[in-house]
Amino acid sequence: MGLVEQAAQFIDHTLQNEGVWYRADDVESRLGGSLASYGSSIGAVRGTVRDALNKFRELDHDAVAMLASALWGRPRPGSRPVFERRLAAVVLLQSRVGLLGHSDLTRIEGFLRSAETAELATPLVQDVVVPLLNRLDGRSRHKAGAVIDRWRQDPDPQLRHAAAVARAVDPD
């Protein structure tokens, strides 16, 4: 089993162990059943990601990107995506935003399109997209700007909102 798979399994198992049924019922009800829930607290999600990053210190850019995608996806074929896994992906990206570049906006775009809730989309935009854009300069900034401009014209409201937030913070 590779490093990314080990980290994803560690995070998934820990989140399941931290969950409680009444919180899972509340999350699933609040989100209209579009996402499953383990019932883990936000603190447990943050702590689990922190522990995973300490345990798997060798996660480089590519591994972080792959891990975020693994967590965002379905835990098993045929199952629903899990809110806490997706939140863990957001926390992971928040924690490692310094590794991200303009080319990661495509992956983030996919996450925004499938976020299903502002509880995932808002921190993804405010704590990942905006800091990522603020770090870029030169050619990378220009390429990222083209992506954000495309988002402004997209029919998806999450992407239009992300573009508006990004432009409000950095109108260049």
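The values are calculated or read from the model by the stated rules, or taken from the named source; none is laboratory data. Owing to the predicted nature of the structure, the values given are computational and were not obtained by experimental measurement. Because the Cβ atoms are built from the backbone with ideal geometry, glycine has one as well, and the counts that use them run over all protein chains shown.
The table below gives the values:
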| read-out | value |
| --- | --- |
| Considering residues of region 1-42 that are small (G, A, S) and part of a helix (DSSP H, G or I) only, the residue farthest from the chain's Cα centre (by Cα) | S29 |
| Number of positions in region 43-83 that are under 23 Å from R23 (Cβ atoms) and of a type in the set (S, T, Y) | 2 |
| Criterion violated by P75 - all others in (1) under 23 Å from E5 (Cα atoms); (2) touching a Ser or Thr at 6+ places or on another chain (Cβ under 8 Å) satisfied | (2) |
| Condition check for R167: assigned to a helix (DSSP H, G or I), assigned by TED's automatic domain parsing to the domain that holds R57 and either among the polar types (S, T, N, Q) or crowded, with 16+ Cβ neighbours inside 10 Å (or both) | no |
| Among the candidates S140, S114, residue that is in contact (Cβ under 8 Å) with a residue 24 or more places away in the chain, of a type in the set (S, T, N, Q) and more than 26 Å from R74 (Cα to Cα) | S140 |
| Residue count, region 103-161 (criterion: among the aromatic types (F, W, Y) and under 21 Å from D62 (Cβ atoms)) | 1 |
| Residue in region 61-78 that is in contact (Cβ under 8 Å) with a residue 40 or more places away in the chain, under 21 Å from D127 (Cα atoms) and not in a helix (DSSP H, G or I) present | no |
